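Asks: This is the structure, below, for whatever I ask next.
Computed from the coordinates by the stated procedures, all read-outs in this text should not be read as laboratory data. All values reported here derive from a predicted model rather than from experimental measurement. Cβ coordinates were reconstructed from backbone atoms using ideal geometry, including for glycine residues, and neighbour counts include every protein chain displayed.
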Amino acid sequence: MGATIRQAAAGAALAVLIAAPAAAEPQIGQVAQKEYLGAAGTRVTGERHDLYWNVDVFAGETVTTGGGATTRLQFLDKTDLYVGANSTVVLDKFVYDPERKIGSGVITLTAGAFRFVSGQIQNKEEIELRTPTVGLVIRGTNLVIFVTEDGTTEVNVNDGEVEALVCDNPRAVAARRGQQLLVTAQCDSSVGNERAVGSTVPSMPEDLSGVAPAAGGDEAGSGHEDKDREQRADSAGGSIGGGIGGGVAPD
């Protein structure tokens with residue numbers, strides 16, 4: 001009898017140890033799109049699940065959509081991430097204190113089409129969006145972002161402002177409301193006029209060759225000509241938006 005009890009206790013302890021990594025992943029948001037269109041999530045444990053409305057998402061989870069599939073994720077502070085078809089995003093972390101309205105987060109946009117609309121968090125600069133070629137620090141922002149398989153990234157600032165670190169360059173490039181930042185796979189970057197995106201959930205355009213350059217700027221530039229690009233951005237962009245705009249309609 002004693003041996004049986006000890007075996008049962010050992011088995012229970014092993015089960016706790018196996019379950020511990022999953023329990024360590026904090027819940028950081030939920031699926032906010034009511035209609036299920038095929039999006040799926042894979043947790044760090046390898047567990048895969050369909051992303052139906054109100055299903056929780058967790059730190060470290062990878063979200064994927066196939067052709068025709070989309071989803072909308074809402075984080076703890078009501079930040080929204082719209083994920084278009086044929087996209088992959090890793091929800092690295094998202095921490096939020098609702099009483100102080102401060103927190104931090106990292107979201108990696110691996111490939112695809114996305115709209116990011118910041119929520120109630122007040123220290124928005126602590127939210128970082130990453131792609132293979134760009135790290136974005138946001139400031140009260142509504143962004144439409146396209147990322148191709150080779151890392152080419154197009155950031156359209158519908159409202160607010162972003163600062164971007166391109167590849168290994170330590171000098172930040174600024175893009176403001178109404179502007180677009182285009183970064184090639186070779187880490188060349190340029191600031192131009194925002195691409196018009198009518199739908200709330202964006203779709204990948206046919207190409208990311210860029211649109212008309214901002215006033216006083218060249219259409220393309222080297223990823224190391226940061227000072228010139230910052231000057232072009234300052235002279236071309238409109239004022240920083242005071243809130244979340246851009247016609248994002250509720251579900």
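Asks: Would you grab the residues whose amide H sits under 5 Å from the one on G60? Only those 5+ places off in sequence or on another chain, please, with H modelled 1.01 Å from N.
Replies: Excluding prolines and chain starts, which carry no amide H, the hits are L91, D92, K93.
Asks: Using r as the Cβ-Cβ distance of A196 and E149, and R0 as 30 Å, what FRET efficiency do you calculate, to the nearest 0.05?
Replies: On the way: r = 24 Å, r/R0 = 0.80.
Efficiency, rounded to the nearest 0.05: 0.80.
Asks: I want the local charge near V144. Using Cβ-Cβ distances under 13 Å, sum +1 for each Lys or Arg and -1 for each Asp or Glu among the other residues.
Replies: Values: positive: R115, R177, R195; negative: D80, E154, D159, E194.
Neighbourhood net charge equals -1.
Asks: Report, for the stretch 24-236, the % of DSSP beta bridges that are antiparallel, rounded to 5. The partial results should precede the final answer.
Replies: Working: 67 of 71 bridges.
In the stretch 24-236, approximately 95 percent of DSSP beta bridges are antiparallel ones.
Asks: Explain nothing, just the number: relative contact order of the stretch 80-219, from Cα pairs under 8 Å at least 6 residues apart, as a whole percent. Can you show the working numbers first?
Replies: Values: 364 pairs, mean separation 26.2, N = 140.
Averaging sequence separation for qualifying contacts and normalising by length gives 19 percent for the stretch 80-219.
Asks: Now, a different point. Using a Förster distance of 30 Å, how high is the FRET efficiency between E35 and R171, based on the Cβ-Cβ distance and rounded to 0.05? The partial results should precede the final answer.
Replies: Details: r = 43 Å, r/R0 = 1.44.
Using R0 = 30 Å, I get an efficiency of 0.10.
Asks: To the nearest 20 debye, what is the magnitude of the charge dipole of the stretch 24-236 about its Cα centre, counting +1 on the Cβ of each Lys and Arg and -1 on the Cβ of each Asp and Glu?
Replies: On the way: 19 positive and 32 negative charges, 109 e Å.
The calculation lands at about 520 debye.
Asks: Moving to a separate point now. Rounded, prolate or oblate: which fits the stretch 34-174, taking a ≥ b ≥ c as square roots of the Cα gyration tensor eigenvalues, rounded meaning a/c under 1.5, else prolate when a/b beats b/c? It would help to have the intermediate numbers written out before the result.
Replies: Working: a/c = 1.68, a/b = 1.20, b/c = 1.40.
It comes out oblate by the Cα gyration axes.
Asks: For the stretch 24-236, compute the number of Lys pairs whose alpha carbons are separated by less than 19 Å, excluding pairs fewer than 8 positions apart on the same chain. Mind dumping the intermediate values first?
Replies: Details: K34/K78; K78/K93; K78/K101; K78/K124; K93/K101; K93/K124; K101/K124.
Close lysine pairs found across the stretch 24-236: 7.
Asks: Now for a separate question. Name the long-range amide H neighbours of V134: under 5 Å, sequence gap of 5 or more, or other chain; modelled H, no Pro or chain starts.
Replies: Here C167 satisfy the definition.
Asks: Provide D92, D159 in ascending order of the number of other Cβ atoms located within 10 Å of each residue's Cβ, fewest first. Write down the numbers at each step before the final one.
Replies: Working: D92 16, D159 22.
Exposure proxy ranking, most exposed first: D92, D159.
Asks: Give, as a single signed number, the net charge of other residues whose beta carbon lies under 11 Å from the beta carbon of L81, with Lys and Arg counted +1 and Asp and Glu -1. Walk me through the numbers on the way to the answer.
Replies: Numbers: positive: R72, R115; negative: D80.
Charge balance near L81 sits at +1.
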